[in-house]
Amino acid sequence: MTAKYDVKRELKTCYAPKNTVWELVDIPELHFLAIDGHGDPNTTDAYRRAVEALYAVAYTVKFASKGDLGKDFVVGPLEGLWWADDMDDFLARRKDNWRWRLLLNVPDWITGDMIEGAQHAALTKKKLPAIENVRSETLHEGTSAQVLHIGSYDDETPILTSLHHEYLPANNLREAGLHHEIYLSDPRRTAPAELRTILRQPVEGRSG
């Protein structure tokens, strides 16, 4: 059996950065399990159910890959794409109006048929209706501004404000995709001040 695929080891620039100020990185095409929803992640049951469903499918497909293909992988950190119909709601952290897409990276050998089979198996075992909403997603963000944020999720506002009002204008850049977060810490076991989160924003050059 080959060594386990671990996205944090394979793509250290993307998943193990050390910079705490914004820097540009090139993000390759990556494959994910994904599930969509909306509302405050701290209070809505839909968010908790989505996380449970995502991990149920991820571990089911992991064990199927190991058993059927002899290929194993480490289930990656939880990731999220975040937006709002009115971006002022997003920057002001009016979370009831937020929309989100939760992601777990999977290796490129995991096919749609394997994911569908894992869904059926996980649904039979776990009885979580949200499993039916898990799907495959391919994301190619390309050039992105990225930073490692250390601290509470609610303390992200200053660094995001600096991105949009200072870093991007100073470098003649604009947003070219959704705000992306990668959660390196387990909030159930980590003090808020010590949480480590990768913040990522796909960008492109401004014309003119």
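The values are calculated or read from the model by the stated rules, or taken from the named source; none is laboratory data. What you are looking at is a predicted structure, and each value in this text was computed from that prediction instead of being measured. FYI the Cβ positions are ideal-geometry reconstructions off the backbone, even for glycines, and counts take in every protein chain you see. Ligands, DNA and RNA are stripped out before the accessible areas are found, and what is left, the full protein with its side chains, is counted by its heavy atoms. Shrake-Rupley method; radii C 1.70, N 1.55, O 1.52, S 1.80 Å.
Residues that are surrounded by 14 or more Cβ atoms within 10 Å (Cβ to Cβ), under 14 Å from L102 (Cα atoms) and of a type outside the set (V, I, T) are absent from the range 59-73 altogether.
Criterion applied to L30, L69 was being in contact (Cβ under 8 Å) with a residue 40 or more places away in the chain, closer than 25 Å to Q146 by Cβ and either of a type in the set (A, V, I, L, M, F, W, C) or in contact with a strand residue (DSSP E or B) (Cβ under 9 Å, 6 or more places away or on another chain) (or both), and the one residue passing it is L30.
Criterion applied to W109, W100 was being open to solvent by less than 70 Å² (accessible area, probe 1.4 Å), assigned to a loop (DSSP other than H, G, I, E, B), more than 16 Å from T20 (Cβ to Cβ) and at pLDDT 95 or above, and the one residue passing it is W109. Selection within the range 164-174: residues that are at pLDDT 95 or above and touching an Asp or Glu at 6+ places or on another chain (Cβ under 9 Å). The member of this set that is most open to solvent (accessible area, probe 1.4 Å) is R174.
Among the residues making up the range 127-149, those that are outside any strand (DSSP E or B) and on the phi < 0 side of the Ramachandran plot are L128, P129, A130, I131, E132, N133, V134, H140, E141.
Every residue, every condition in (1) touching an Asp or Glu at 6+ places or on another chain (Cβ under 7 Å); (2) of a type in the set (D, E, K, R), yes or no:
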| site | (1), (2) |
| --- | --- |
| D6 | no, yes |
| C14 | no, no |
| P17 | no, no |
| H31 | yes, no |
| G39 | yes, no |
| V51 | no, no |
| A56 | no, no |
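Within the range 150-181, the only residue that satisfies the criterion of being assigned to a strand (DSSP E or B) and either basic (K, R) or touching a helix residue (DSSP H, G or I) at 6+ places or on another chain (Cβ under 6 Å) (or both) is R174. Just one of the numbered conditions (1) over 17 Å from E23 (Cα atoms); (2) open to solvent by 30 Å² or more (accessible area, probe 1.4 Å); (3) of a type outside the set (A, V, I, L, M); (4) free of Cβ contacts under 8 Å to residues at least 40 places away in the same chain is not true of D154: (4). Tell me, please, whether a residue that is of a type in the set (A, V, I, L, M, F, W, C), touching a Leu at 6+ places or on another chain (Cβ under 7 Å) and either free of Cβ contacts under 8 Å to residues at least 24 places away in the same chain or closer than 21 Å to K125 by Cα (or both) can be found in the range 87-98. Within the range 87-98, none of the residues are of a type in the set (A, V, I, L, M, F, W, C), touching a Leu at 6+ places or on another chain (Cβ under 7 Å) and either free of Cβ contacts under 8 Å to residues at least 24 places away in the same chain or closer than 21 Å to K125 by Cα (or both).
Check the range 182-205 and report whether any residue there is in a helix (DSSP H, G or I) and either free of Cβ contacts under 8 Å to residues at least 24 places away in the same chain or buried (at least 18 other Cβ atoms within 10 Å of the Cβ) (or both). There is no residue in the range 182-205 that is in a helix (DSSP H, G or I) and either free of Cβ contacts under 8 Å to residues at least 24 places away in the same chain or buried (at least 18 other Cβ atoms within 10 Å of the Cβ) (or both).
Of all the criteria given as (1) part of a helix (DSSP H, G or I); (2) open to solvent by less than 70 Å² (accessible area, probe 1.4 Å); (3) within 20 Å of A64 (Cα to Cα), the one not satisfied by T124 is (2). Restricting attention to the range 6-34 and to residues that are in contact with a Lys or Arg (Cβ under 7 Å, 6 or more places away or on another chain) and open to solvent by less than 30 Å² (accessible area, probe 1.4 Å), the residue that is farthest from T161 (Cα to Cα) turns out to be A34.
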